[in-house]
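For reference, the structure discussed in these notes is given below.
The values are calculated or read from the model by the stated rules, or taken from the named source; none is laboratory data. The structure displayed is predicted, hence computed values, not measured ones. Virtual Cβ from ideal backbone geometry, glycine too; neighbours counted across all protein chains shown. Just so you know, the surface numbers come from the protein's heavy atoms only, side chains and all, with ligands and any DNA or RNA stripped out. Shrake-Rupley method; radii C 1.70, N 1.55, O 1.52, S 1.80 Å.
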Amino acid sequence: MYRAIQIVLVALCLVLSIAATGARAQQSIQPLVDALGTGGFPEREAAIKALVASGDPKVSTILQQLSDGLLFAPKSGGRVLLSTGSDDTYADPLTGDIVTEPGQLTKIRVNNALRGVISALTSQLTLLSPDRSARLAAAQGLLRDADPENLALLNEALAAEKDLTVKATMEAARAVILLKTDASLEDKTAAIDTIANRGGRDALTTLTAAMENAPDDLKPVIGRHIDGINRSLAAWDVAQNISYGISLGSVLLLAAIGLAITFGVMGVINMAHGEMVMLGAYTTYVVQGAVSASFPAFGDYSLILAVPAAFLFTGLVGFVIERSVIRFLYGRPLETLLATWGISLILQQAIRSVFGPTNREVGNPTWMSGAFEVGGLTLTWNRLWIVVFSLTVFFALLGLLKRTPFGLQMRAVTQNRRMASSMGIRTPWVDAFTFALGSGVAGMAGVALSQIDNVSPNLGQSYIIDSFMVVVFGGVGNLWGTLVGAFSLGILNKFLEPYAGAVLGKILVLVLIILFIQKRPRGLFALKGRAVEA
């Protein structure tokens, strides 16, 4: 018992000691803060330097507030207060406590010279900060500004820096600064090598600017590095275009794969397929709104719930369309085309009546937000997840067609409808469920598109033509052909767009597909079967 009382007393003494130390630190810095409001600009500069010398962690915040014009003090000097943004409401800059009767205050003014002093001293505080992220941000700021006055500070920080990433950024900033000074030829050559090793467009810009004022001995070295960076950037640009093409191809795959199923099995030119995509996107909007309103903690996972919801809803809509309209028009492709086009107009107007004509916002979950870099590539998480999702849907459909009785019946109807019917397969119901399956897959495509495109009544119209081109190019009814066709056309589009523009690029793709179909009328992967051959 006595031992426990001793431990408690020691702990209380430690707490009181820490509190007293904090109070003394705050008490010691308070006169320095108040000194900012007295005297002219020279006295203010002296007070700023005294604050920095104190080493208090709150100094950088106070200096930033001073630079932003948020600190006020009485004209005759006295307590410095922080403006909170509200009228006549001020707070203590050290504690944040609201001051009820501040009295008559005037803004503590700073000129450009003083702002430069504040910027330099703030960089000094953050470069030597124990926080890695603060040091990295300060080093990036010095790399961007490249002020020769910070060279001595950088050398001091480099000598103490242990983190490799922060140190590399500091070395790059030092190299850029050296090019602006009267450093020796050897130092400038080493600085040029350091900048060139970083690569990228920033390094190219820095070296190009340095070339203009460089001595003749350095110009060949700089020119050689510029050529190397240009070659590297050209290679990364090709890789970036391929990544854009894969991203577009995954979108086309999702939009076209359902169309490939219905077109291949039923021979129906479904002009309302784009509206199935649009309905899937609006289903995502509704599900996200419902989850956010009822279960806010699970808002990040609403997209996962939207996938089966969109599949079931659009699949049901497709089933109703097939049973009520399309089954009466088999064998009459022109009438089927006109009927489905009319259905697409009806669905668009229905959505406008329910949700209005304006775009609806579907938020990205945190796990699909942001981007990351791989070498010279910049990849966004939402596009990457869509590629993964499209391939997952593709292989799931492939497994359905190859490993299930329904898939066997679908393939039988595709290859020879009359023979399949004579073997007892109910072809009308196969047609109905196939159309529902294709519509459901289009709905899942809408879930993905809601993350990268505007959710509007016209969403599906942007992809219906490209979807038909993918199906025809790859081979009607062949999933592997749809996969190869989607990614091929996506990559081809992205390589043509920088040179021909978006519209002319699509026209060129269409012309190339027409020429290809002249040689291979059945596409890349033609289906085989008696009915197909006939």
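Looking at the range 306-331, which of the residues that are touching a residue at least 24 places away in the same chain (Cβ under 8 Å) and small (Gly, Ala, Ser) is nearest to Ser292 (Cα to Cα)?
Result: Ala306.
Within the set of pairs 6+ apart or on separate chains, which have a first residue in the range 339-354 that is outside any helix (DSSP H, G or I) and among the aliphatic types (A, V, I, L, M), a second that is at pLDDT 95 or above and open to solvent by 70 Å² or more (accessible area, probe 1.4 Å), and C-beta atoms under 9 Å apart?
Note: no pairs meet the criteria.
Among the numbered conditions (1) in contact (Cβ under 8 Å) with a residue 12 or more places away in the chain; (2) over 34 Å from the mean Cα position of the chain (by Cα), tell me where Ala436 comes up short.
(2)
I'd like to know if the range 276-297 contains one or more residues that are touching a Pro at 6+ places or on another chain (Cβ under 7 Å) and part of a helix (DSSP H, G or I).
First, pick out the residues of the range 276-297 that are touching a Pro at 6+ places or on another chain (Cβ under 7 Å): 278.
Still in the list and also part of a helix (DSSP H, G or I): 278.
The answer is yes, given that some residue of the range 276-297 is touching a Pro at 6+ places or on another chain (Cβ under 7 Å) and part of a helix (DSSP H, G or I).
Please enumerate the residues belonging to the range 228-267 that are touching a residue at least 12 places away in the same chain (Cβ under 8 Å) and among the β-branched types (Val, Ile, Thr).
The answer is Ile229, Ile242, Ile246, Val251, Ile257, Ile261, Thr262, Val265.
With respect to the numbered conditions (1) modelled with pLDDT under 80; (2) closer than 23 Å to Asn213 by Cα, which one is the sole condition not fulfilled by Ala191?
Every listed condition holds for Ala191 apart from (1).
Here is a list: Lys180, Lys188. Which entry is open to solvent by less than 40 Å² (accessible area, probe 1.4 Å) and touching a helix residue (DSSP H, G or I) at 6+ places or on another chain (Cβ under 8 Å)?
Numbers: Lys180 fails: open to solvent by less than 40 Å² (accessible area, probe 1.4 Å).
Among Lys180, Lys188, only Lys188 is open to solvent by less than 40 Å² (accessible area, probe 1.4 Å) and touching a helix residue (DSSP H, G or I) at 6+ places or on another chain (Cβ under 8 Å).
Could you check the range 54-100 and list, in sequence order, the residues that are of a type in the set (Phe, Trp, Tyr) and touching a helix residue (DSSP H, G or I) at 6+ places or on another chain (Cβ under 9 Å)?
Taking the range 54-100 as the starting set, the residues that turn out to be of a type in the set (Phe, Trp, Tyr) are 72, 90.
Residue satisfying the conditions is Phe72 alone.
In the set Gly331, Gly289, Gly299, which member is within 29 Å of the chain's Cα centre (by Cα) and at pLDDT below 85? Steps first, answer last, please.
Values: Gly331 fails: within 29 Å of the chain's Cα centre (by Cα); Gly289 fails: at pLDDT below 85.
Gly299 is the lone residue from the list that is within 29 Å of the chain's Cα centre (by Cα) and at pLDDT below 85.
Here is a list: Met271, Met278, Met266. Which entry is over 28 Å from the mean Cα position of the chain (by Cα) and surrounded by 24 or more Cβ atoms within 10 Å (Cβ to Cβ)?
Numbers: Met271 fails: surrounded by 24 or more Cβ atoms within 10 Å (Cβ to Cβ); Met278 fails: over 28 Å from the mean Cα position of the chain (by Cα).
Testing whether each residue is over 28 Å from the mean Cα position of the chain (by Cα) and surrounded by 24 or more Cβ atoms within 10 Å (Cβ to Cβ) leaves just Met266.
Check whether at least one residue in the range 339-361 is among the hydrophobic types (A, V, I, L, M, F, W, C), surrounded by 19 or more Cβ atoms within 10 Å (Cβ to Cβ), over 19 Å from Gly438 (Cβ atoms) and within 17 Å of the chain's Cα centre (by Cα), and report yes or no.
Looking for residues that are among the hydrophobic types (A, V, I, L, M, F, W, C), surrounded by 19 or more Cβ atoms within 10 Å (Cβ to Cβ), over 19 Å from Gly438 (Cβ atoms) and within 17 Å of the chain's Cα centre (by Cα), one finds none in the range 339-361, hence no.
Quick one: in the range 360-379, which of the residues that are out of contact with any helix residue (DSSP H, G or I) (no Cβ under 6 Å at 6 or more places or on another chain) and free of Cβ contacts under 8 Å to residues at least 40 places away in the same chain is farthest from Pro457 (Cα to Cα)?
Only one residue fits best here, namely Val374.
Kindly indicate whether Leu334 is open to solvent by 60 Å² or more (accessible area, probe 1.4 Å) and over 23 Å from Gly289 (Cα atoms).
Details: open to solvent by 60 Å² or more (accessible area, probe 1.4 Å): yes; over 23 Å from Gly289 (Cα atoms): yes.
In short, yes.
Which residue pairs have Cβ atoms under 9 Å apart, sit 6 or more places apart or on different chains, and have a first residue in the range 482-500 that is within 16 Å of Ser243 (Cβ to Cβ) and touching a residue at least 40 places away in the same chain (Cβ under 8 Å) and a second that is of a type outside the set (Phe, Trp, Tyr) and not in a helix (DSSP H, G or I)?
Ser488/Leu524
Conditions first: (1) open to solvent by 30 Å² or more (accessible area, probe 1.4 Å); (2) of a type outside the set (D, E, K, R); (3) modelled with pLDDT of 80 or more; (4) touching a Ser or Thr at 6+ places or on another chain (Cβ under 7 Å). Leu143 passes all but one, so which condition is the exception?
(3)
Of everything in the range 33-60, what is free of Cβ contacts under 8 Å to residues at least 40 places away in the same chain, under 45 Å from the mean Cα position of the chain (by Cα) and open to solvent by less than 50 Å² (accessible area, probe 1.4 Å)? Give them in sequence order.
Passing the criteria: Ala47, Ala50, Leu51, Asp56.
Quick check on the range 215-227: of everything there that is more than 35 Å from the chain's Cα centre (by Cα) and in contact (Cβ under 8 Å) with a residue 24 or more places away in the chain, which residue is surrounded by the fewest Cβ atoms within 10 Å (Cβ to Cβ)?
Pro215
Report yes if Gly424 is without any contact (Cβ under 8 Å) to a residue 60 or more places away in the chain, in a loop (DSSP other than H, G, I, E, B) and exposed (fewer than 14 other Cβ atoms within 10 Å of the Cβ), otherwise no.
Working: without any contact (Cβ under 8 Å) to a residue 60 or more places away in the chain: yes; in a loop (DSSP other than H, G, I, E, B): yes; exposed (fewer than 14 other Cβ atoms within 10 Å of the Cβ): yes.
Here the answer is yes, as Gly424 does meet what is asked.
Can you tell me which of (1) open to solvent by 20 Å² or more (accessible area, probe 1.4 Å); (2) over 23 Å from Leu153 (Cα atoms); (3) touching a residue at least 40 places away in the same chain (Cβ under 8 Å) is the one Ile108 doesn't meet?
Every listed condition holds for Ile108 apart from (1).
Quick one: which residue in Leu158, Leu127, Leu136 is of a type in the set (A, V, I, L, M, F, W, C), open to solvent by less than 40 Å² (accessible area, probe 1.4 Å) and touching a Leu at 6+ places or on another chain (Cβ under 9 Å)? Break it down stepwise before answering.
Values: Leu158 fails: touching a Leu at 6+ places or on another chain (Cβ under 9 Å); Leu136 fails: touching a Leu at 6+ places or on another chain (Cβ under 9 Å).
Of Leu158, Leu127, Leu136, the one residue that is of a type in the set (A, V, I, L, M, F, W, C), open to solvent by less than 40 Å² (accessible area, probe 1.4 Å) and touching a Leu at 6+ places or on another chain (Cβ under 9 Å) is Leu127.
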